[in-house]
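The values are calculated or read from the model by the stated rules, or taken from the named source; none is laboratory data. Please read all numbers here as calculations on a predicted model, not as lab measurements. Using ideal geometry, Cβ is built from the backbone for each residue, glycine included, and neighbour counts are taken over all protein chains shown.
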Amino acid sequence: MKTVESARTRSGDVEVRELRRTYPGRGGEPRHAIDGIDLTVEAGEVHGLLGPNGAGKTTLCKILCTLLTPTSGTARVSGFDVVEQPTAVRRVIGTVFGGDRGLYTRLTARENLMYWSALYLLKPREARLRVGKLLERVGLEDRADERVETFSRGMKQRLHLARGLIGDPSVLILDEPTVGMDPVAARDFRALMDELRAERRTVLITTHDMAEAEAVCDRVTLIDGGRLLGTEDPKTIGGWLTAYDRVTAGGVTAPTVAAMRSIPGATVAEYDAEALSLRVETDREGAVNQVLRSLAEAGVSEITTSRPGLEEVYLHLIGARGLRV
C-alpha cells in the first residue's frame with residue numbers, strides 16, 4: 001500500500017464522557033450495552049479497542065458514527081457532538097464495519113468507490129483521481145474493474161478500507177478490519193496504519209487480534225460488560241499484572257525443577273528433561289524473586305525474565321471467552 005496523498009492539517013479526536021446505552025432486559029431490568037464510559041482518543045492516534053463479543057465495542061462505534069444515539073452522556077468527534085451535530089460528524093468520519101454490507105457485489109471495485117464518492121459530493125474528475133489512488137493504496141488496482149462478487153473475503157476487507165477513506169476523513173473507525181485477510185494483506189494493513197498516523201488521522205480499531213493491536217496501536221483500551229477496564233501503551237500494558245512474571249532458564253536439573261514446584265505462586269509451565277530447559281510462571285507478588293534465588297543457588301546462570309504480553313493480560317482480565325470470534 002503506497003502513500004499517495006496527505007490529509008489536510010486537522011485536529012480530529014474522540015471524546016467520550018459518562019456514555020451509556022441501555023436496552024430493556026429480561027424482567028424489565030435495564031441492560032447496559034455501554035455503562036458510563038470515559039474515553040479520549042488523541043488526534044493522530046491509532047487506538048485499539050479490545051474485548052469479548054458483547055462487550056460494547058460495536059455499540060460504541062455505532063454511537064460515534066451516529067448510527068445509534070446514547071441513552072445518556074456525551075460523545076464528540078472532531079469537536080462535534082454526535083447527537084446535536086450528526087451531519088457535521090458524518091463529514092469528518094470514515095467507518096469500516098466489514099462483511100458484505102456497504103459493498104455492491106454486482107458492481108466493480110471502481111464502480112463501488114465512484115458511487116460512494118458521489119455520496120460525498122466529489123466532482124467527477126476529483127473522484128476518479130481519488131478512487132484510482134485508493135485502489136492502488138489498498139492493492140486492488142489490478143482488480144479494479146472486476147465485480148466484487150468475485151473477490152475473496154480479504155479483498156472485500158481491503159475495498160472496505162478504501163471506502164472508509166473515500167471522504168478523506170479525519171477520524172476513521174475500523175471494526176475488525178483484518179478479518180479474512182491473508183498474512184501479506186495484513187502486513188500491508190499495518191503499513192497503511194503507519195501512513196494514516198503520519199497523516200495525523202485519528203483511528204479507532206476494534207480487534208481480537210492481539211499481535212495486530214500490539215503492532216499498530218499507540219494505546220489499547222480493554223472493555224468488558226460495557227465498562228472500560230483501562231487504557232495503556234500496549235508495550236507496557238503488562239504492568240497491569242505486576243504479580244505475573246515469566247522465568248525461562250537453561251541447564252536446569254530435575255531436583256531444581258522439584259524445588260520450583262514448592263514455591264508458592266510459582267507454576268512450572270514447561271520442562272524439557274532432555275534440553276534441561278524450564279519455563280516458570282508466577283501469579284503472586286514476590287514469587288519471581290524466590291524463583292530466581294532458587295535457580296541461582298542451584299548454579300543456574302542461563303536465566304531470562306519477561307512480563308506478560310497483551311494477549312496474556314487480556315486473558316487474565318477478561319478470560320478465554322474473549323477469544324471466541
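Observations on the model:
- Matching residues in segment 82-125 - criterion: being without any contact (Cβ under 8 Å) to a residue 40 or more places away in the chain, in a helix (DSSP H, G or I) and within 24 Å of I63 (Cα to Cα): P86, T87, A88, V89, R90, L119
- Tally of residues being in contact with a Leu (Cβ under 9 Å, 6 or more places away or on another chain) and either surrounded by fewer than 16 Cβ atoms within 10 Å (Cβ to Cβ) or over 11 Å from P169 (Cβ atoms) (or both) across segment 194-204: 1
- Unique residue being out of contact with any Pro (no Cβ under 6 Å at 6 or more places or on another chain) and either among the small types (G, A, S) or in a strand (DSSP E or B) (or both) when the list is T58, T40, T69: T40
- Close pairs (8 angstrom Cβ cut-off, 6 or more residues apart or separate chains): aromatic (F, W, Y) in segment 167-194, not in a helix (DSSP H, G or I) anywhere: F189/M1; F189/P177; F189/T178; F189/M181
- Of the residues contained in segment 97-106, one or more are found to be surrounded by 19 or more Cβ atoms within 10 Å (Cβ to Cβ) and under 18 Å from T207 (Cα atoms).
- The single condition from (1) at pLDDT 95 or above; (2) among the aliphatic types (A, V, I, L, M); (3) not assigned by TED's automatic domain parsing to the domain that holds T58 that M155 fails is (1).
- Residue among G36, G44 that is in contact (Cβ under 8 Å) with a residue 60 or more places away in the chain and over 20 Å from the mean Cα position of the chain (by Cα): G36
- Positions within segment 260-289 being assigned to a strand (DSSP E or B) and out of contact with any Asp or Glu (no Cβ under 6 Å at 6 or more places or on another chain), in sequence order: A266, V268, E270, Y271, D272, S277, L278, V280, E281, D283
- So L161, is it closer than 23 Å to G44 by Cα and at pLDDT 95 or above: no
- For segment 59-83, filtered to residues that are over 16 Å from L174 (Cβ atoms) and among the β-branched types (V, I, T), the residue that is surrounded by the most Cβ atoms within 10 Å (Cβ to Cβ) is V82.
- Test: residue in segment 134-152 that is touching a residue at least 60 places away in the same chain (Cβ under 8 Å) and either surrounded by fewer than 18 Cβ atoms within 10 Å (Cβ to Cβ) or touching a strand residue (DSSP E or B) at 6+ places or on another chain (Cβ under 8 Å) (or both): yes
- Residue within segment 245-254 that is part of a helix (DSSP H, G or I) and in contact with a helix residue (DSSP H, G or I) (Cβ under 7 Å, 6 or more places away or on another chain) present: no
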